[in-house]
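Single-structure report; data block below.
Laboratory data are not the source of any read-out in this text; all were calculated from the coordinates shown. From a predicted model like this one, the values you see are computed outputs, not experimental measurements. FYI the Cβ positions are ideal-geometry reconstructions off the backbone, even for glycines, and counts take in every protein chain you see.
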Amino acid sequence: MKTLKSIEEYNAERYAALKQANKLPGNGIACARCGHEMVDSNEQYWRTSMPPKVKISCPVCGDWGYRLA
């Protein structure tokens, strides 16, 4: 017989999946202030400088800067 989940278990799993889906992926750059992984703040917006740059920020301490695109 199939084991069924309670509504609380189901909602907790769905909440965790939705939270993970909405999380910005890390870019492998360490934050200079706290050491956590930085994320691209807006992947669709690039500075049109030469060379092009993308704004990055730390989700933990809020530090930010630009990386080369």
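Tally up the residues in segment 10-29 that are out of contact with any strand residue (DSSP E or B) (no Cβ under 8 Å at 6 or more places or on another chain) and part of a loop (DSSP other than H, G, I, E, B), please. Of the residues in that region, 1 qualify.
Starting from residues that are among the polar types (S, T, N, Q) and either loosely packed, with under 10 Cβ neighbours inside 10 Å or within 14 Å of the chain's Cα centre (by Cα) (or both), keep the ones in segment 4-24 and report whichever is farthest from D40 (Cα to Cα). Result: S6. Among the residues of segment 23-58, just one is farther than 13 Å from A69 by Cβ and of a type in the set (D, E), namely E37.
State all residues of segment 48-63 that are in contact with a strand residue (DSSP E or B) (Cβ under 9 Å, 6 or more places away or on another chain) and surrounded by fewer than 13 Cβ atoms within 10 Å (Cβ to Cβ); if no residue qualifies, say none. Within segment 48-63, S49, P51, P52 qualify. The residue pairs whose first member lies in segment 41-63 and is at positive phi, whose second member is loosely packed, with under 15 Cβ neighbours inside 10 Å and assigned to a loop (DSSP other than H, G, I, E, B), and whose beta carbons are closer than 9 Å, counting only pairs six or more residues apart or on different chains, are G62/R33.
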